[in-house]
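The values are calculated or read from the model by the stated rules, or taken from the named source; none is laboratory data. For clarity, every value in this text was computed on a predicted model and none was experimentally measured. Cβ placement follows ideal geometry from the backbone for every residue including glycine, while neighbour counts extend to all protein chains displayed.
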Amino acid sequence: MNTKFIFVAGGVMSGIGKGVTIASTARILKDYGFKVTAVKIDPYLNVDAGTMNPTEHGEVFVTDDGLETDQDIGNYERFLDQDILRDNYMTTGSVYQAVINRERNLGYKGKCVEIIPHITNEVRDRLLKVAKKNKADFVLVEIGGTVGEYQNSTFLEAARIMKLEMPRQVLFMLVSYFPIPKMVGEMKTKPTQHAVRTMNSAGIQPDIIIARSSMPLDDVRKRKVSVFCNMDYRDIISAPDIEGSIYEIPVNFEKDNIGRRILKKFNLAPNQKNFRKWNNLVASIKSSKMPVKIGIVGKYFGTGDFILPDSYLSVIEAVKHASWSLGRKPEITWLDAESYEKSASWRTKAVEELKNCHGVIVPGGFGKRGIEGKIKAINYLRKNNIPFLGLCYGLQLATIEFARNVCGLPDAHTTEINPKTSNPVICTMAEQVEKIKEKNMGGSMRLGACDCRLHPESLSRKLYGTDKVSERHRHRYEVNNNFRKQLEAEGLLVAGVNPKQNLVEIIELPKHKFFVGTQFHPEFKSRPLSPHPLFKGFIQAAIR
């Protein structure tokens with residue numbers, strides 16, 4: 001196997017952009033003419049990301065083949081403009097589960113099963129499988145967390161062993177933070193020096209350092225790091241904060257010749273060099289000046305005194321993709337659904353916020369908290385003809401609002417919240433009843449790509465330009481078909497249906513400027529080079 005493996009680890013602190021570093025580097029190598037894929041390793045005992053709290057861990061991104069993964073997989077897809085499937089994601093839990101299951105089935109033929117070599121071999125074998133399955137020239141592997149943590153030490157050890165076994169096919173990158181303390185006024189290199197020494201103690205020497213900071217790394221610091229970290233100063237890549245969008249990062253990286261430095265280390269020459277598409281994208285982003293104001297009604301972004309919008313990362317990016325393609329600069333406002341439930345707040349804050357938006361999105365979610373606030377918002381948007389896009393739970397709550405206030409069913413609800421409602425317009429999917437009863441919750445929802453047949457007279461059919469599409473799902477509840485005739489009689493258009501299970505996939509209000517709800521998550525398939533048609537239609541309506 002001639003595949004080259006690039007392992008990316010973090011230094012000093014988390015959250016400084018390992019995922020975007022991998023995505024950007026992968027994009028550069030792709031534009032040099034190579035076949036590239038990317039892998040995320042999460043050091044959690046969770047088997048997948050589906051049971052993690054989105055406020056703490058960020059968005060759960062669903063692959064086409066139905067795995068609930070970390071949000072970085074979404075970044076890989078968006079930058080590479082290609083699908084990343086379940087084999088490209090692993091956690092400590094999934095690796096240990098596979099090894100223990102094999103041991104229980106006598107797969108190790110009586111051997112004493114240990115972390116080394118059996119866990120590390122499982123990691124290696126999974127990476128080799130990804131390389132073979134994707135016929136990849138390069139596999140970029142993100143090891144979650146930072147060097148020196150106990151949780152990811154097994155994965156660093158697996159990478160070290162792979163370097164030992166395949167010395168000309170493995171390279172290490174360290175994404176490290178260079179702070180500029182306000183009281184000092186100088187960029188400090190010492191934390192990164194310590195991170196490199198910690199990496200050295202694991203038997204690994206970084207080949208490239210990505211220098212994250214609020215400012216570009218100057219030549220003096222590059223040469224200092226070069227001396228103390230035993231590296232060529234040309235292999236220290238400056239990665240300052242970006243004022244515009246993350247899609248400028250590949251352009252910034254190439255200013256320091258990261259692509260050619262990587263190819264040189266592997267003794268490879270570019271197959272081509274074609275950055276035209278990406279450079280055009282960055283140029284269009286920078287030239288988009290006229291604002292379009294989009295509100296997102298959510299509940300997963302507040303943590304103490306801070307707002308962390310990562311819970312809705314794909315939604316944010318899909319709004320950006322569509323806006324930029326139409327020459328507009330998106331201005332996103334976070335609308336707190338819980339505060340909308342308070343009558344005093346509704347009369348003052350909520351109405352003012354909603355009427356100042358050009359369009360509003362109600363994204364996915366679970367549970368009771370904040371849903372009456374979301375229903376109030378949807379009611380206002382429907383009555384005041386403000387463009388609305390509902391995603392998953394957003395479709396379900398829009399159906400409830402319509403049933404209550406148009407169909408005359410004041411107690412209409414979802415059985416997720418009120419199992420005893422006399423008008424369960426949203427009900428548990430038949431296949432989910434036993435799973436919920438048995439508390440079989442992990443990885444058991446309706447997940448991944450499913451077909452949707454579009455109504456010939458629907459707006460969705462016009463926007464997609466076809467009568468059948470495939471979209472990604474993540475839900476347990478659905479529109480109750482027993483209420484469909486009543487809903488349709490009052491003007492709700494069922495614009496999309498799953499042909500296999502006869503499930504409602506899209507709803508619309510034809511007389512509204514834009515009122516569309518989807519049971520699926522179109523945001524998962526939006527990419528900067530190919531914005532999703534439903535988001536594009538929504539932004540067009542918002543602009544109008």
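For segment 401-410, which residues satisfy the criterion of being part of a helix (DSSP H, G or I) and either crowded, with 19+ Cβ neighbours inside 10 Å or not assigned by TED's automatic domain parsing to the domain that holds LEU313 (or both)?
Correct list: GLU401, PHE402, ALA403.
Considering segment 348-400 alone, what residues qualify as being assigned to a helix (DSSP H, G or I), in contact with a helix residue (DSSP H, G or I) (Cβ under 6 Å, 6 or more places away or on another chain) and not aliphatic (A, V, I, L, M)?
GLY373, LYS374, LYS376, ASN379, TYR380
Does any residue of segment 378-392 turn out to be closer than 30 Å to ARG78 by Cβ, at pLDDT 95 or above and of a type in the set (Val, Ile, Thr)?
yes
Check ARG472 against each of (1) touching a Lys or Arg at 6+ places or on another chain (Cβ under 7 Å); (2) of a type outside the set (Phe, Trp, Tyr); (3) surrounded by fewer than 20 Cβ atoms within 10 Å (Cβ to Cβ) and name the one condition it does not meet.
Looking at each condition in turn, ARG472 falls short on (3).
Which residue is surrounded by the most Cβ atoms within 10 Å (Cβ to Cβ), if the candidates are limited to segment 441-469 and must be part of a strand (DSSP E or B) and not aliphatic (A, V, I, L, M)?
Looking at residues that are part of a strand (DSSP E or B) and not aliphatic (A, V, I, L, M), I get CYS452.
Of the conditions (1) out of contact with any Pro (no Cβ under 9 Å at 6 or more places or on another chain); (2) crowded, with 20+ Cβ neighbours inside 10 Å; (3) free of Cβ contacts under 8 Å to residues at least 40 places away in the same chain, PRO387 fails just one. Which one is it?
Only one criterion is unmet by PRO387, namely (3).
The rows are residues; the columns are (1) among the hydrophobic types (A, V, I, L, M, F, W, C); (2) assigned to a loop (DSSP other than H, G, I, E, B); (3) farther than 27 Å from GLU77 by Cβ; (4) in contact with a Cys (Cβ under 6 Å, 6 or more places away or on another chain).
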site: THR154; (1), (2), (3), (4): no, no, no, no
site: ARG160; (1), (2), (3), (4): no, no, yes, no
site: LEU164; (1), (2), (3), (4): yes, no, yes, no
site: MET173; (1), (2), (3), (4): yes, no, no, no
site: MET183; (1), (2), (3), (4): yes, yes, yes, no
site: HIS194; (1), (2), (3), (4): no, no, yes, no
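Tell me which residues, restricted to segment 223-274, are touching a Pro at 6+ places or on another chain (Cβ under 6 Å) and buried (at least 16 other Cβ atoms within 10 Å of the Cβ).
SER238, TYR247
Here are the criteria: (1) touching a His at 6+ places or on another chain (Cβ under 8 Å); (2) under 23 Å from LYS30 (Cα atoms); (3) not basic (Lys, Arg). Tell me which single one TYR108 does not satisfy.
The number of the failed condition is (2).
Does ASN502 meet the test of being outside the structural domain of VAL47 (by TED's automatic domain parsing) and loosely packed, with under 14 Cβ neighbours inside 10 Å?
yes
Looking for something in the same structural domain as VAL220 (by TED's automatic domain parsing), aromatic (Phe, Trp, Tyr) and under 17 Å from PHE228 (Cβ atoms) - is there at least one such residue anywhere in segment 174-195?
Yes, because at least one residue in segment 174-195 is in the same structural domain as VAL220 (by TED's automatic domain parsing), aromatic (Phe, Trp, Tyr) and under 17 Å from PHE228 (Cβ atoms).
I'm told THR91 meets every condition in (1) within 20 Å of the chain's Cα centre (by Cα); (2) surrounded by fewer than 18 Cβ atoms within 10 Å (Cβ to Cβ); (3) of a type outside the set (D, E, K, R) except one. Can you identify the failing condition by its number?
In the conditions (1) within 20 Å of the chain's Cα centre (by Cα); (2) surrounded by fewer than 18 Cβ atoms within 10 Å (Cβ to Cβ); (3) of a type outside the set (D, E, K, R), THR91 misses (2) alone.
May I ask you to list pairs of residues, at least six apart or on different chains, whose Cβ atoms are under 9 Å apart, with the first in segment 33-47 being at negative phi and of a type in the set (A, V, I, L, M, F, W, C) and the second being in a loop (DSSP other than H, G, I, E, B) and crowded, with 19+ Cβ neighbours inside 10 Å?
Pairs found: PHE34/ALA136; PHE34/ASP137; VAL36/ALA136; VAL36/ASP137; ALA38/ILE84; VAL39/ILE84; ILE41/GLY144; ILE41/ASN152.
Which of the residues belonging to segment 125-155 are under 21 Å from THR192 (Cα atoms), out of contact with any Pro (no Cβ under 8 Å at 6 or more places or on another chain) and surrounded by fewer than 22 Cβ atoms within 10 Å (Cβ to Cβ)?
GLY148, TYR150, SER153
Among the residues of segment 425-441, which ones are closer than 18 Å to LYS485 by Cα and either β-branched (Val, Ile, Thr) or modelled with pLDDT of 95 or more (or both)?
Scanning segment 425-441 gives VAL425, ILE426.
Residue-by-condition table, conditions (1) under 24 Å from the mean Cα position of the chain (by Cα); (2) in the same structural domain as GLN71 (by TED's automatic domain parsing); (3) at pLDDT below 90:
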{"site": "ILE294", "(1), (2), (3)": "yes, no, no"}
{"site": "LYS299", "(1), (2), (3)": "yes, no, yes"}
{"site": "THR303", "(1), (2), (3)": "yes, no, yes"}
{"site": "PHE306", "(1), (2), (3)": "yes, no, yes"}
{"site": "ASP310", "(1), (2), (3)": "yes, no, yes"}
{"site": "LEU326", "(1), (2), (3)": "yes, no, no"}
{"site": "THR333", "(1), (2), (3)": "yes, no, no"}
{"site": "GLU338", "(1), (2), (3)": "no, no, yes"}
{"site": "THR348", "(1), (2), (3)": "no, no, yes"}
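Taking the residues in segment 475-493 that are under 24 Å from ASP64 (Cα atoms) and of a type in the set (D, E, K, R) as candidates, determine which candidate is surrounded by the fewest Cβ atoms within 10 Å (Cβ to Cβ).
Across segment 475-493, the extreme among qualifying residues is ARG476.
Among what's in segment 92-125 and is part of a loop (DSSP other than H, G, I, E, B) and among the hydrophobic types (A, V, I, L, M, F, W, C), pick the residue that is nearest to MET52 (Cα to Cα).
VAL113
Of all residues in segment 513-530, which are touching a Lys or Arg at 6+ places or on another chain (Cβ under 7 Å) and crowded, with 17+ Cβ neighbours inside 10 Å?
Result: PHE515, PHE520, HIS521, PHE524, LYS525, ARG527, PRO528.
Within the set of pairs 6+ apart or on separate chains, which have a first residue in segment 354-372 that is more than 12 Å from PHE514 (Cβ to Cβ), a second that is assigned to a loop (DSSP other than H, G, I, E, B) and among the acidic types (Asp, Glu), and C-beta atoms under 6 Å apart?
Note: pairs meeting the criteria are GLU372/GLU341.
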